[in-house]
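Asker: One structure coming up, written as structure tokens, with questions to follow.
Readers should treat all values here as calculations from the given coordinates under stated rules, not as data from a laboratory. Predicted model, so just to flag it, every value in this text is computed and none were measured. Note that we place each Cβ from the backbone using ideal geometry, even for glycine, and neighbour counts take in every protein chain shown.
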Amino acid sequence: MKKRILPAGLALAFLLTGCSAMLERSYESSQRHEEKPVTAEDSSVLRVENYRELVSAVLYLVSQGYEEGTIQLHDYDGEVESDLTAACLEVATEDPLGAYAVDYIKHESGRVVSYYQARLSISYRHTQEEVRSMVNVTGSGAIRAELQDALSRFDDRVVLRVAYFAEDEDSIRALVRQAYYDTPAAALGMPQVEISLYPDAGRERVVEILLTYDLTPEELRRRSETIAAHLAEFTYPWDMDREAAVRQAAAEVCYRADFDPQGGSTAYAALVEGSADTEGLSLTYALVCRELSGVTCEIIEGTLNGEPHFWNEVRLTARGETFYLDLSRFTELSSTLYSAEEMTQMGYLWPGGPVEEEPQQIPESEESPPPENGGEAA
């Protein structure tokens, strides 16, 4: 059944909405357009008088998911037919919501006594449920936070309306990867990622992220619950000095899981199957450290002697100190915690880590000239 346009009060409420206050992770916003008063004769028909109001009216129909709508153009100050075409095209290709939701818009118009009347038919590429799932955010931090929530639920779709968009497809893909390692309990295999941006350019875009997992959501949830059950069996060193607690937690992970370069890359592989590669060990250790107060732990993805490798960065918040440890070499390194500079000297490299400075080259103009006639330099 096709929808009818809402009464005047609800229409005006939508049209007069401005930007609300920003929240830490997301904020509600809507485009502010010219008012679109309804006709006195029929409260279900939109009335416009200029091009901007016409665009707003078309966008309103799209935002409400209407398949049909009627717009009356009173005392219109432009070319009706060409402006209708331009307004429908602008909404369908330039507005973020329209570019995401609309497949095409058809219109027909005619004169009715003293005004023109246009009838619109709208076809959608996405359902209203998909449109309603859209979350308004601003900034890469908010995008990453929403991705963390989605990955922890094993969602297969994330739709974000991003204000002040400064990212591109590659940066969104990088944020997905960061969010994956921010949720180690749900990091049960990096999903395949498909990203679409609507429209192609602009400071405000809709970002659609499709996530495809190797396992079913039911199996992923079961494995996540199994990880939690195994973590509950750990003996956490609550009363130890924080540095000693960090070492003890690492030792307990290594006791329960062997390092295997060909092993699984998840905490499930480490805790349930008994062995994991560097990625799986790092994810497991990050989970354990979350139970230690005064300690924060992150997973570092980099290289060791040029080969891909994972390890952990541990911060003791009370002391303001940062250490690094690699559980795949924890026994070999005698449970030593290393500084960033020491890790670099051992062959570890990672984004944001210290980089050994290259020797400065002496400009050619500052080099000593060769001695003349084969004599020695002074």
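Asker: Among the chymotrypsin sites (Phe, Trp or Tyr not before Pro) in the range 219-316, which ones are in a DSSP loop with at most 15 other Cβ atoms within 10 Å of the Cβ? Mind listing them?
Answerer: Listed in order of number, the matching sites are 234, 238.
Asker: Using only the alpha-carbon atoms of the range 59-156, report the extent along each of the three principal axes, biggest first, to the nearest angstrom.
Answerer: 59, 23, 16
Asker: Within the range 227-313, list the GluC sites (Glu not before Pro) lying in a DSSP loop whose Cβ has at most 16 other Cβ atoms in a 10 Å radius.
Answerer: Working: sites: 233, 243, 252, 273, 279, 291, 298, 301, 313; in loops: 233, 291.
Sparse-neighbourhood loop GluC sites (Glu not before Pro): 233, 291.
Asker: Treat each spin label as a single point 7 Å out from the Cα along the C-beta direction, and report the residue 50 to residue 171 distance in nm.
Answerer: About 3.4 nm separates the two model spin labels.
Asker: According to a simple spin-label model (label point 7 Å from Cα along Cα-to-Cβ), what is the distance in nm between residue 210 and residue 290?
Answerer: 2.9
Asker: Between residue 153 and residue 342, what is the label-to-label distance in nm when each label sits 7 Å out along the Cα-to-Cβ direction?
Answerer: The answer from the label model is 4.4 nm.
Asker: Could you give log10 I(q)/I(0) at q = 0.21, 0.27 Å⁻¹ for the range 133-214, computed by the Debye formula over C-alpha point scatterers of equal weight, without solvent?
Answerer: Debye intensities relative to I(0), on a log10 scale: -0.90, -1.46.
Asker: Using the reciprocal of the averaged 1/r over all distinct C-alpha pairs, how large is the Kirkwood radius of the range 219-349 in Å?
Answerer: Computed over the range 219-349, the radius equals 14.8 Å.
Asker: Let me ask something else about it. Please report the antiparallel percentage of the DSSP beta bridges confined to the range 133-214, to the nearest 5.
Answerer: So the antiparallel bridges in the range 133-214 amount to around 75 percent.
Asker: Between residue 318 and residue 133, what length in nm is gained on full extension when 0.36 nm per residue of separation is reduced by their alpha carbon distance?
Answerer: 62.5 nm
Asker: If you don't mind, another one. Mark the label point 7 Å from the Cα of residue 229 along Cα→Cβ and return the residues of the range 263-301 whose backbone N is within less than 16 Å of it.
Answerer: 268-274
Asker: How much length would be gained if the chain were fully extended between residue 94 and residue 196, taking 0.36 nm per residue of separation minus their Cα-Cα distance, in nm to one decimal?
Answerer: Extending this stretch completely gives an extra 35.2 nm.
Asker: Right, here's the next one. Quick one: length gained pulling residue 106 to residue 273 fully straight, 0.36 nm per residue minus the C-alpha distance?
Answerer: Details: separation 167, 0.36 × 167 = 60.12 nm, distance 5.83 nm.
Working it through step by step, the gained length comes to 54.3 nm.
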